[in-house]
Amino acid sequence: MSTPQLNSIGEALARYLRDAWKRPVTCTTISQIPGGASRETYRIRLNVSGESQGVILRRDPTSSLIDTERAHEFKTYRAVYGTRVPVPEPILLEENSPGALERPFSLTREVPGCEASPALLTTPPFVEHRSEIGERKWTILGHLAATDIDSVDLAFMDRPEHPAAHELEYWAGVIAKDALHPQPVADAAIRFLRRTLPPKPSKLALVHGDYRSGNFLYNTSGEIHAVLDWEMAHIGDPLEDLAWSFDPLWCWPEKQLAGNLLLRLDALRIWERASGLTVDREAFRWWQIFASVKALAIWISSAEDYVNGATKEPILAYAGWPLIDRQIRILLDRLDPVSEHRYAEALL
């Protein structure tokens with residue numbers, strides 16, 4: 001349902017586009033898409049010179065679950081668009097602030113007829129197509145891992161000498177800076193990860209950084225039409241994305257199906273087939289533990305923002321309470337020496 005505030009955003013965007021495109025543009029409908037942990041997201045219908053067009057507006061919030069650089073995400077969309085990894089068509093990026101919409105924003109083409117909610121994957125009619133969606137999900141991730149990073153424009157991304165060490169120190173720094181009270185489980189995990197760094201990957205890959213159920217658009221035919229939310233994309237080890245996609249938080253409390261879609265071993269085999277890579281089980285266990293440390297860092301940082309008044313968005317309060325608790329439980333299980341054989345065999 002439109003509100004005066006929403007209508008004012010739509011009208012401001014239409015004025016901006018009229019000036020930018022030198023064509024008649026009006027906003028016919030606008031609605032806010034719930035969630036928006038790192039950007040405010042709006043679905044907008046435009047009339048452009050008499051033609052109806054659907055677009056997605058992503059505007060910087062006053063505070064965010066993840067502090068990210070909008071230009072980085074937009075450039076990643078532009079680099080990936082047209083490859084075997086489906087993404088929405090990028091249209092424009094506006095970085096001026098306050099600017100036309102008070103805060104910086106980006107615009108992509110709408111992908112109609114799809115859902116993103118992870119909760120819907122367990123309900124009709126989508127639950128009947130979970131296996132097809134899962135196969136497509138990890139095939140796309142395998143294709144991302146197989147993408148030659150020199151074949152797409154990623155000049156704006158750094159190429160770390162040792163991806164595992166680089167990512168670990170970054171997220172360990174976030175925990176050290178933002179933790180509101182001692183984090184003994186995270187500290188123990190970080191010490192373990194520092195002692196057991198995996199070897200450098202055989203090839204560097206474009207890493208999505210948040211590849212999970214909830215960040216792609218799917219339909220009732222079992223097809224995935226777009227991968228969303230590339231804010232944390234970087235060049236690194238492709239095992240990082242695979243481990244993140246397997247984290248138990250994305251299927252809590254059910255732990256058997258990765259992302260509430262497929263058994264982990266099935267998903268891994270699909271990924272190996274699509275990527276052309278073979279998973280080193282020991283290195284993969286390292287990345288699984290790292291995934292829980294990284295997630296914990298995100299929830300800790302969110303809680304710090306909420307408690308210190310940077311924002312009072314409910315999603316940040318939620319991240320700072322049950323998600324920290326759940327992630328610590330997952331991390332304790334992952335660090336249990338008795339579980340080591342179980343992880344190696346079942347990839348739980």
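With each pseudo-label sitting 7 Å past Cα toward Cβ, what's the ARG45-LYS203 distance in nm, one decimal?
Spacing of the two 7 Å Cα→Cβ label points: 4.4 nm.
Check cross-link reach from LYS200 to the aspartates and glutamates: straight Cα distance under 14 Å, and skip same-chain residues fewer than eight apart.
Result set, ordered by chain and number: GLU161, GLU167, ASP237, GLU240, ASP280, GLU282.
I'd like to verify something in the chain: which complete DSSP H helices, judged by Cα projection on the helix axis, reach 30 Å or more and average at least 0.0 on the Kyte-Doolittle scale? Write out the running numbers ahead of the final one.
On the way: long enough: 281-307 (39 Å, 0.26).
Helices passing the filter in the chain: 281-307.
Using θ = phi - 60° and the Karplus form 6.51 cos²θ - 1.76 cosθ + 1.60, what ³J(HN,Hα) does each residue of the range 94-108 get, whole Hz, x for Gly and Pro?
Result, ordered by residue: 10, 9, 5, 9, x, x, 5, 10, 6, 9, x, 7, 9, 9, 10 Hz.
I'd like the Karplus ³J(HN,Hα) series for the range 208-215: coefficients 6.51, -1.76, 1.60, θ = phi - 60°, whole numbers in Hz, and an x wherever there's a Gly or Pro.
With the stated coefficients, the range 208-215 comes to 5, x, 8, 7, 7, 4, x, 10 Hz.
Please list the radius of gyration and Dmax for the chain, considering alpha-carbon atoms only, with Å as the unit.
Computed over the Cα atoms of the chain, radius of gyration and Dmax are 20.4, 66 Å.
Could you tell me the convex hull volume per residue, in Å³, taken over the Cα atoms of the range 89-149? List each step's numbers first, then the result.
Details: hull volume 8.7 nm³, N = 61.
Residue-normalised Cα hull volume stands at 143 Å³.
Compute the distance in nm between two label points, each set 7 Å from the Cα along the Cα-to-Cβ direction, one at THR196 and one at TYR170.
Distance between label points: 2.3 nm.
Computed over the Cα atoms, what is the radius of gyration of the range 4-109 divided by 2.2 N^0.38 Å, N being its residue count?
Working: Rg = 13.6 Å, N = 106, 2.2 N^0.38 = 12.9 Å.
Compared with the compact-globule rule of thumb, the range 4-109 sits at 1.05.
Using the C-alpha atoms of the range 152-308, what convex hull volume per residue, in cubic angstrom, is computed?
On the way: hull volume 22.9 nm³, N = 157.
Per residue, the Cα convex hull of the range 152-308 comes to 146 Å³.
Want the number for PHE156 to ARG23: 0.36 nm per residue separation, take away the alpha-carbon distance, what's left?
Working: separation 133, 0.36 × 133 = 47.88 nm, distance 3.20 nm.
So the extension gain works out to 44.7 nm.
What lysines sit close enough to LYS177 to cross-link, taking a C-alpha to C-alpha distance under 16 Å and skipping anything fewer than 8 places away on the same chain?
LYS294
With a point put 7 Å past each Cα toward its Cβ, work out how far TRP321 is from THR122 in nm, to one decimal.
It is 2.1 nm.
Name the long-range amide H neighbours of VAL87: under 5 Å, sequence gap of 5 or more, or other chain; modelled H, no Pro or chain starts.
Correct list: GLY82, VAL227.
Add -39500 (n - 2.57) for each DSSP H run of 4 or more in the chain, then divide by its residues: what number comes out at 222 nm, to the nearest 500 deg cm²/dmol? Please list the in-between numbers first.
Details: 11 runs with 145 residues, N = 348.
Calculated at 222 nm, the ellipticity per residue is -13000 deg cm²/dmol.
I'd like the Karplus ³J(HN,Hα) series for the range 48-60: coefficients 6.51, -1.76, 1.60, θ = phi - 60°, whole numbers in Hz, and an x wherever there's a Gly or Pro.
Once rounded to whole Hz, the list reads 10, 6, x, 9, 7, 9, x, 9, 10, 9, 10, 10, 4.
Taking a cut-off of 27 Å between Cα atoms, list the lysines near LYS22, but don't count ones fewer than 8 places away on the same chain.
LYS75
So between CYS114 and GLU89, what do we pick up on full extension, going 0.36 nm a residue minus the alpha carbon distance?
Working: separation 25, 0.36 × 25 = 9.00 nm, distance 1.52 nm.
Result: 7.5 nm gained on full extension.
Since every read-out is calculated from the coordinates, none of them should be taken as a lab result. Values in this document were obtained by computation on a predicted structure and should not be read as measured data. Quick reminder, even Gly has a Cβ in these numbers, built from the backbone with ideal geometry, and neighbours come from all protein chains shown.
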